[in-house]
Each structure stands twice: as structure tokens, then as C-alpha cells.
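The values are calculated or read from the model by the stated rules, or taken from the named source; none is laboratory data. A quick note: this is a predicted structure, and the numbers were derived from the prediction, not measured. Every residue, glycine as well, gets a Cβ built from its backbone with ideal geometry; the counts of neighbours run over all protein chains shown. Calculation scope for accessible area: heavy atoms of the full protein, side chains included, ligands and nucleic acids excluded. Shrake-Rupley method; radii C 1.70, N 1.55, O 1.52, S 1.80 Å.
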Amino acid sequence: MASLKSKYWVLMLKLMGKKRNRTSVEAFYQDIEKRRKSDRYQPPKDLAQHFTVTETSVDGFPVITLKEKSISVRQHLFYLHGGAYVGEILPQQWEFIAHLAARTHAEVVVPIYPLAPEHKAAAVQPFVQKVYHQLEERLQGMRLHVIGDSAGAGLAVALAQAERAERGAFSAHQLLLVSPWVDVSMDNPDIAAIEASDPWLTQVGLAEAGRCYAGDWDVKDPRISPTFGKLDGLPKTHIMMGTRDILLPDAKLFADKLGAAGVPYSFRQYEGMFHCWVMLDMPETREAREEMIGLLQS
């Protein structure tokens with residue numbers, strides 16, 4: 001049974017109008033315009049009390065590296081944030097990243113990739129690959145895990161596929177995908193049955209975001225929707241989904257494809273949870289995070 005705290009967050013998401021801002025194409029663009037005025041990619045300042053935060057630049061775009069102070073780094077995390085490819089990284093995502101860093105004694109590299117509709121996938125993906133390659137050069141034998149939430153999870157799979165195609169291998173130990181968006185076309189007929197219970201996402205809003213990100217590429221191009229690409233040879237992949245997330249039907253199909261391709265994977269489904277619930281404070285978040293920590297330490 002869903003906790004009272006999770007029901008509170010469902011109500012708050014509705015009251016904040018998160019879904020209302022995505023109910024039409026016009027509302028979608030108005031929301032982006034409003035958000036651009038307050039976009040801020042830097043981590044919250046209070047993280048500097050316990051973490052060393054470093055900002056560098058690759059091809060003119062920021063890259064943030066975060067690690068806990070006074071610890072020896074034991075592994076590396078490459079984190080790709082969500083936001084439907086149009087939204088900047090949020091404070092809640094930074095808190096989540098910091099939690100993973102502290103619990104796994106990891107250094108986390110976070111590319112602040114350019115956003116749609118101002119930038120397209122043709123610019124985003126080479127940037128992400130370049131940052132990933134720079135991290136590879138300093139691993140010194142340590143494990144590297146790639147983590148993504150929502151659009152960032154889709155981008156993580158696309159990165160793995162590009163590395164396999166171009167270099168014959170993907171160096172990450174595993175992929176950890178939270179509420180992955182792996183098919184931006186949003187034309188799965190099973191989405192409609194969940195949309196009414198999803199307090200956050202809409203089919204029309206995500207479909208428009210997907211078109212913005214794709215640019216001149218087809219929305220079902222594997223570089224945009226990696227569920228349509230080659231999956232064989234990917235590392236162990238873990239998927240975490242809530243039952244009130246309209247991305248659930250496509251995530252299930254993706255998991256089935258992973259199995260058919262011989263990729264070792266796990267699919268964890270959380271009853272009553274919504275999109276990217278692990279960013280918010282509630283009992284179900286603590287449970288899911290403990291599972292994630294276990295996976296990253298395995």
C-alpha cells in the first residue's frame with residue numbers, strides 16, 4: 001500500500017500544476033519559456049559543506065564533478081539527468097546524486113548537456129560521449145557505472161549503443177535506469193490507460209518534447225528512441241519503474257527486448273509510484289534508494 005507521504009506528493013504535484021503545464025503543445029512551450037528564466041544547473045550551495053564540487057567545460061558546456069570530502073574514491077558514476085531533454089537539472093536531482101556519491105564512495109561526473117528545443121540530439125550526444133571518454137581516461141582500474149533518470153536514462157542507453165557501434169565495447173560495469181524514457185514517439189496504445197493516474201506526465205507534452213529533441217532525425221531513430229536500436233552486448237541493466245508512470249508500458253517492452261537480446265537485466269516495479277519518485281522524501285524513496293545502493297556496490 002502506498003504511504004501517506006507518497007499520497008501527499010501526488011496531491012502536491014497536482015496542485016503545483018506540473019501536469020497542467022503539459023496538457024497541450026501551447027502549454028508545453030509556455031512552460032519552457034517560463035522555466036528558462038529560472039534555469040540554474042549548479043548544485044545547491046549547501047552541498048559544498050560535505051562535497052568537493054568542481055566545474056569544468058567541454059565544448060562550451062559545463063561538466064560538474066562531485067565527490068564527498070575526506071574519502072578515498074572507490075568507483076565512478078556517470079550521471080545523466082532527466083527533464084524530457086528540455087528541462088535543466090533540478091535541486092532534487094542533485095540531492096539524489098549526492099546521496100549516491102556518499103553511500104557508494106563514488107566520484108560522480110554530471111554532464112550539463114545542452115537542452116532542446118534550442119539544441120538537438122545531433123549536438124547533445126557527441127558532447128555526452130566526449131565527456132564520457134574523458135572520464136574513461138582516468139578510471140585507473142576502478143569501476144564505472146552509468147546512471148540516468150527519465151530522458152537521462154534514455155540518453156544513457158543511447159550512449160551505450162553508440163559506444164558499442166563505434167568502438168566495439170561499452171566500458172561501464174552496469175546501467176542503472178530510473179523511470180527510463182526509451183521511446184520518445186509516445187505512440188504506445190497502452191499509455192492511455194495509465195495517463196489519468198499519472199500526476200505528472202502527459203502523452204502530448206512528452207511527444208512534443210521528443211520531436212524537439214529529435215530535430216531532423218525521426219523520433220523512432222535508435223539514437224533518439226534506443227528501444228529500437230541494437231541491445232546485444234549491453235552491460236547488466238537495472239530498470240526501476242512506478243505503476244503510475246505513463247512510461248511504464250514502453251519500459252516493460254524495453255525490458256523484454258533486453259532479455260531477448262541476452263542482456264542480463266532486472267526490472268523493479270513499484271506499486272503506486274509515479275515518475276522519478278526516488279527524488280522525493282517518502283518511505284518508498286528510501287526503500288528504492290537502498291536497492292540502488294546495493295546494486296551499485298555489487
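Conditions (1) under 25 Å from LEU206 (Cα atoms); (2) part of a helix (DSSP H, G or I), marked per residue:
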position	(1), (2)
HIS238	yes, no
MET241	yes, no
ARG244	yes, no
ASP250	yes, yes
GLY259	no, yes
ARG268	yes, no
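Here is the figure for the stretch 108-151: residues that are more than 30 Å from VAL25 (Cα to Cα) and surrounded by fewer than 16 Cβ atoms within 10 Å (Cβ to Cβ) total 10.
So, LYS257, is that one closer than 18 Å to LEU155 by Cα, of a type outside the set (Val, Ile, Thr), surrounded by 15 or more Cβ atoms within 10 Å (Cβ to Cβ) and touching a residue at least 24 places away in the same chain (Cβ under 8 Å) or not? Judged against the criteria, LYS257 is a match.
Taken over the stretch 8-59, residues that are open to solvent by 50 Å² or more (accessible area, probe 1.4 Å), among the basic types (Lys, Arg) and not in a loop (DSSP other than H, G, I, E, B) amount to 6. Cβ separations smaller than 8 Å between residues 6+ apart or across chains give the following pairs from the stretch 40-60 residues that are at negative phi and at pLDDT 95 or above to residues that are surrounded by 11 or more Cβ atoms within 10 Å (Cβ to Cβ) and of a type in the set (Phe, Trp, Tyr): PRO43/PHE51; PRO43/TRP94; PRO44/TRP94; LEU47/TRP94; VAL58/PHE127.
Filter the stretch 201-228 for residues that are part of a loop (DSSP other than H, G, I, E, B) and open to solvent by less than 20 Å² (accessible area, probe 1.4 Å) and give the result. Across the stretch 201-228, the qualifying residues are LEU201, THR202, ILE224, SER225. For ARG103, the stated conditions do not hold, so it cannot be described as free of Cβ contacts under 8 Å to residues at least 60 places away in the same chain and out of contact with any Cys (no Cβ under 7 Å at 6 or more places or on another chain). Within the stretch 78-107, restricting attention to residues that are open to solvent by less than 10 Å² (accessible area, probe 1.4 Å) and over 13 Å from the mean Cα position of the chain (by Cα), the residue that is farthest from THR285 (Cα to Cα) is ALA106.
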